[in-house]
Every structure is written in structure tokens, then in C-alpha cells.
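Input: a single structure, listed below in C-alpha cells.
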Amino acid sequence: MTIRFTMDKITRDGDPVLRKVAAPVPFPLSAEHAQLAKDMMTYLVISQDEEQNEQYGLRPGVGLAAPQVGESLQMAAILIPSADPAKEDPEPYFAGVIFNPVIISETVGRGALDTGEGCLSVDQDVPGFVPRSKKITVRYQDENGDTYEKTLRNYPAIVFQHEIDHLHGHLYYDHIDRQHPWAVDDNTKYV
Ligand SMILES: [Zn+2]
């Protein structure tokens, strides 16, 4: 596996590409966009491998959106590990690159990771809850242009929302209440 994106290629907060609304990806996918998708997924696979991530100095990630590698395109690689890692050869919960994703429904009920969120593009730790929809249905295309609808809850729902935010120029800390970063209302549950 050859790695194209290392931490020095990841765009950081302050780069205008992270605040732009990304352009839709046309289908059939160009060879260039197909390669970009592969390279983004390779980052995630290697970043989750304890030995290799050290070798390349990668911060572990479960998601990487195209603007984070300087491409203002609506695509994001997502690699969510198995919820049951004790199983032998656990299959990831989700592994794939989503293209042109749209959240088509979401619950009013909110969820937030009890540790807050982090982002490969944000070097400083911005503490606080990031309330998001606890359950979403997302429509997206895969690399073949086939359209899928997927309903996600809890942690996977949060990961998808974080990545889709990147395609609209939003960063996770935009959602943090700076006055009361760890305050939770009755509608928000820890995930
Ligand atoms: Zn991020």
C-alpha cells in the first residue's frame, strides 16, 4: 500500500479550502477522482494500524474529507472500526468513500460524544460537547455512481455528520457552546 497523504498534506484550520462549500463530484468518476478516493482511504487504513501510523507519523482518523487534502469536492472516506473488536477478524462497521452525500432525515434528539470531537485539520484541542442528530438517514453515491440510503445511529451518525460538515465548510468546534462547552440540555444524550 503506497501512501500519498501524510500529515504534512492535510490542510489545517485557517486554510480557506476548509471553509468552502465543496463541488459535487461528477459521474462516471474520473480516473483522477477514483485515485483520490483510494488515497484518502489508504490514509485511514494506515492511520488505524498502530505500527504503520507511527512509521508515517499519522494521527489516527475514522474519516477524511476531500477538502482536508486540499480538494474542494463532495467526497469523504470513512472507516469506522467494528463495534465488536473482540471478534476474530472483525469487519469494520463502515468502510468506503461516500460521494455527494445528503442527509435526508434526522432526529430532533441530539447525541454528543462524551469526550468531545477531534479533527485531523484542527491541531489544537477545542474542548466541549458537539451536539448532533442522534440518528440520520444519509443518501450518497459510491465510486460506481450507485446511490445508497443508510440510516445511522449514535457514533456512526456522528462520524458521518462530522465528515459531511467538512463538505459544507463547517468544523466541529463551530457547534460548541463557547460559554458553556460542557453543558448538556435534556435533549442531548452521550454517545
Ligand atoms: Zn474533521
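The values are calculated or read from the model by the stated rules, or taken from the named source; none is laboratory data. Everything quoted here is computed from the prediction, not taken from an experiment. When we count neighbours, we look across all protein chains shown, and the Cβ atoms used for this are built from the backbone with ideal geometry, even at glycine. Please note that ligands, DNA and RNA were not included when accessible areas were found on the heavy atoms of the full protein model with its side chains. Shrake-Rupley method; radii C 1.70, N 1.55, O 1.52, S 1.80 Å.
Computed values, structure above
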read-out	value
Residue within segment 107-122 that is open to solvent by 80 Å² or more (accessible area, probe 1.4 Å), closer than 30 Å to Thr11 by Cα and modelled with pLDDT of 95 or more present	no
Wholly within segment 94-191, strands (runs of 3 or more DSSP E) carrying at least 2 residues that are more than 17 Å from the chain's Cα centre (by Cα)	94-106, 147-153, 188-190
Pairs where the first residue, in segment 117-141, is in contact (Cβ under 8 Å) with a residue 60 or more places away in the chain and the second is in a loop (DSSP other than H, G, I, E, B) and crowded, with 16+ Cβ neighbours inside 10 Å, C-beta under 6 Å, 6+ apart	Leu120/Ile10; Leu120/Gly61; Ser121/Thr11
Residues of segment 153-167 classified as open to solvent by 20 Å² or more (accessible area, probe 1.4 Å), of a type outside the set (S, T, N, Q) and away from the ligand (no atom under 12 Å from the Cβ), total	2
Unmet requirement for Asp174, which otherwise passes all of (1) surrounded by fewer than 18 Cβ atoms within 10 Å (Cβ to Cβ); (2) within 16 Å of the ligand (Cβ to nearest atom); (3) in contact (Cβ under 8 Å) with a residue 60 or more places away in the chain	(3)
Single match in Ala83, Ala95 (criterion: open to solvent by 90 Å² or more (accessible area, probe 1.4 Å), closer than 29 Å to Asn144 by Cβ and more than 16 Å from the ligand (Cβ to nearest atom))	Ala83
Among residues of segment 12-49, those that are open to solvent by 20 Å² or more (accessible area, probe 1.4 Å) and part of a loop (DSSP other than H, G, I, E, B), counted	14
Flag if Gln68 is open to solvent by less than 10 Å² (accessible area, probe 1.4 Å) and at pLDDT 95 or above	yes
In segment 50-65, the residues that are within 15 Å of the chain's Cα centre (by Cα), surrounded by fewer than 18 Cβ atoms within 10 Å (Cβ to Cβ) and touching a residue at least 24 places away in the same chain (Cβ under 8 Å)	Arg59
Residue satisfying condition, being away from the ligand (no atom under 16 Å from the Cβ), modelled with pLDDT of 95 or more, within 24 Å of Glu71 (Cβ to Cβ) and open to solvent by 20 Å² or more (accessible area, probe 1.4 Å), within set Val102, Val138	Val102
